[in-house]
1. Let me know the longest stretch in the chain that avoids all chymotrypsin sites (Phe, Trp or Tyr not before Pro) found in a DSSP loop with at most 15 other C-beta atoms within 10 Å.
2. Which ³J(HN,Hα) values, rounded to whole Hz and listed in residue order, are derived for region 46-57 from phi using the Karplus coefficients 6.51, -1.76 and 1.60 in 6.51 cos²θ - 1.76 cosθ + 1.60 with θ = phi - 60°, glycine and proline given as x?
3. Farthest toward the dipole's positive end in the chain, which of ASN146, TYR114, ILE36, given Cβ charges of +1 (Lys, Arg) and -1 (Asp, Glu) about the Cα centre?
4. Filter the trypsin sites (Lys or Arg not before Pro) in region 1-95 to those in DSSP coil with at most 11 other Cβ atoms within 10 Å of their Cβ, and list the result.
5. Taking amide H positions as placed in the peptide plane 1.01 Å from N, state which residues far from VAL20 in sequence (5 or more) or on other chains have amide H under 5 Å from it.
6. Calculate one ³J(HN,Hα) per residue across region 10-15 by plugging θ = phi - 60° into the Karplus curve 6.51 cos²θ - 1.76 cosθ + 1.60, and present them in order as whole Hz with x for glycine and proline.
7. Among the lysines, select those whose C-alpha is under 17 Å from the C-alpha of LYS205, and discard any that sit fewer than 8 residues away in the same chain.
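Derivation of every value follows stated rules applied to the coordinates shown; laboratory data play no part. Because the structure is predicted, anything quoted here is derived from the model rather than measured. All Cβ positions, even for glycine, are placed from backbone atoms using ideal geometry, and neighbour counts span all protein chains on display.
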Amino acid sequence: MNDLNFLRLIFELGGSFQNVNNIDLAIKANVSKASISDRTQHLSKLGLVKYTKYYGSKLTKKGLNDVIPLIQQHRLIETWLYEKLDIPLSDIYDKATTLSDHPDLLLIDRLNIYLEYPQTCPHGNIIPINSAIPIYSTDSLLASQNISDTTFKIVNFTEDSYLFKILSNIDIKLSDSIKILNINDYDHSMVILNLRNNLKQILPKNITKMIHIEKVKETQKSV
């Protein structure tokens, strides 16, 4: 994996606004933690990430500027594969990764024209340059919520191949409204009620920490 694609992984894990720890990067990249440490130190010397011991890596302004075209291209290709070629939602992330090793500005321009400048990819994530990069916080993660009567709406999923394979086997979709019924004190798994299909589902923490949500306002519930 080249440096640019490694920066993409950091971005996908929220590295534009928060530190990303080496364990999460190792899992996502499917490499050892030692390899991640070597790579982050290398990128830190290049001024592309700021590495803080025990906390992880965050993209610098230079690193973010370098990786944005690749993120834009990757998500445009995902959109093209899903909307125009009918590739399953669970497969488009990996296929876009294969097709998007280096950013090609002409390809980005042509895809934007063909797709009419989409704002988000099929997983709900913004397409940089087409849309401003939001500043999320851990408060927007499903994993950070508590049991309550609050209704949440799923707004996007972390770009992750493992997650998309799981989502293809369970009936949870973008824009679903959910409620949290129970949280296991031991492993922090959640029991949620999906209001779209009225199904109760158990989600482990490694899934809930990759689902971004927002509170549904009372006016939205009544619509």
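1. Details: sites that count: PHE17, TYR54, TYR55, TYR136, TYR186.
Of all site-free stretches, the longest is 56-135.
2. Here the 3J(HN,Hα) series is 7, x, 9, 9, 10, 9, 10, 4, 6, 10, x, 10 Hz.
3. Farthest towards the positive end: ASN146.
4. Working: sites: ARG8, LYS28, LYS33, ARG39, LYS45, LYS50, LYS53, LYS58, LYS61, LYS62, ARG75, LYS84, LYS95; in loops: LYS53, LYS84.
Within region 1-95, the qualifying trypsin sites (Lys or Arg not before Pro) (loop, at most 11 other Cβ atoms within 10 Å) are LYS53, LYS84.
5. Answer set, sorted by chain and number: SER57, LYS58.
6. 4, 4, 5, 8, x, x
7. Counting by Cα, and skipping residues close in sequence, LYS205 has these lysines nearby: LYS28, LYS165, LYS179.
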